[in-house]
Structures are given as C-alpha cells and as structure tokens.
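Structure first, then comments.
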Amino acid sequence: MNDEIIDEVRSIRDAHAAKFNYDLRAIYADLKKSETERIAAGHPFVSPPSEIPVPKTVLQRTRFARR
C-alpha cells in the first residue's frame, strides 16, 4: 500500500540527505542549525520529556512493550 504523503516525505528526506552526501554528522549539523535559526526567529521549541512516561493501564503497557 502506497501513501502519497509518506512517499513525498521520504523523497524530501532523501533529497536532503543527498545534499550532504548521506553524511549523518553533516545532516545533524544542518538540522541543529535550522533548529537554532527557527528558535531565534521566535518559533516555539518544545523540550522532550525528562523521563519516559510509565504506562498506567494494561492496554498501554502492552502497546508500548512492542516499541
């Protein structure tokens, strides 16, 4: 099953990676630079949670166990 949105995201991601010759360090540096520029421009930045939330129900424990 193909999803046109997923295909578009993957093609954009591949084009970005190709721009840096698939060098992960260069890709990371570019993403961090972009993040810094966006924060400086006033876009909100949401920090990741300091702790991973613990599931409270059996259903949640089962769902997160597969990750």
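The values are calculated or read from the model by the stated rules, or taken from the named source; none is laboratory data. Worth saying up front: this structure is predicted, and the values here are computed from it rather than measured. Neighbour counts run over all protein chains shown; Cβ positions are idealised from the backbone, glycine included. Just so you know, the surface numbers come from the protein's heavy atoms only, side chains and all, with ligands and any DNA or RNA stripped out. Shrake-Rupley method; radii C 1.70, N 1.55, O 1.52, S 1.80 Å.
Basic side chains Lys and Arg get +1 at the Cβ, acidic Asp and Glu get -1 at the Cβ, and with that the dipole of region 5-57 about its Cα centre reaches some 100 debye.
Surface listing: Phe45, Phe20 arranged by accessible area from highest to lowest gives Phe45, Phe20, probe 1.4 Å. What is the gain in length, in nm to one decimal, between Thr57 and Ala26 on full extension, counting 0.36 nm per residue of separation less the C-alpha to C-alpha distance? Extra length available between Thr57 and Ala26 comes to 7.0 nm.
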